[in-house]
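The values are calculated or read from the model by the stated rules, or taken from the named source; none is laboratory data. Here the structure is a predicted model, which is why all the values come from computation and not from measurement. Note that we place each Cβ from the backbone using ideal geometry, even for glycine, and neighbour counts take in every protein chain shown. Note: accessible area is taken over every heavy atom of the protein model, side chains too, but ligands, DNA and RNA are not part of it. Shrake-Rupley method; radii C 1.70, N 1.55, O 1.52, S 1.80 Å.
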Amino acid sequence: MLVLTRKLLESVVIGDDIEVFILEIRGDRVRLGIRAPRDVPVHRKEVYEEIRRSNIEAASTARVEGLDRLLEERLPAGGKGRVKGKREPSD
């Protein structure tokens, strides 16, 4: 981890197109300003973690629902028997 010291209204540059400014220092709180391209998402860590958790949950649910839908399409009513389109092996 790189640790830097900055004073009020100073900044840190990340790459070629992201700049983080120290806008205000009040007690144990620091107010930051972040200049970044619109296509670069910028979130507080707790918000980022919630978005990530929600995305993982949604992807997991979508996979299960997709699998359920696929099984319903491929299996006869009642979910038993052979899969449509598949042949039973011959002896």
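Can you name the residue in the stretch 51-69 that is open to solvent by less than 90 Å² (accessible area, probe 1.4 Å) and not small (Gly, Ala, Ser) and, of all such residues, is modelled with the lowest pLDDT?
VAL64
Only residues in the stretch 4-22 that are under 16 Å from VAL40 (Cβ atoms) and open to solvent by less than 60 Å² (accessible area, probe 1.4 Å) count as the first member; pair them with residues that are among the charged types (D, E, K, R) and part of a loop (DSSP other than H, G, I, E, B), Cβ under 9 angstrom, at least 6 apart or cross-chain, and list the lot.
Cβ pairs passing all conditions: VAL12/ARG6; VAL20/ARG6; PHE21/ARG6; PHE21/GLU10.
Give me the pairs: first residue in the stretch 50-69 and in a helix (DSSP H, G or I), second residue modelled with pLDDT of 85 or more, beta-carbon distance under 8 Å, and six or more apart or on different chains, which are they?
Note: pairs meeting the criteria are ILE51/HIS43.
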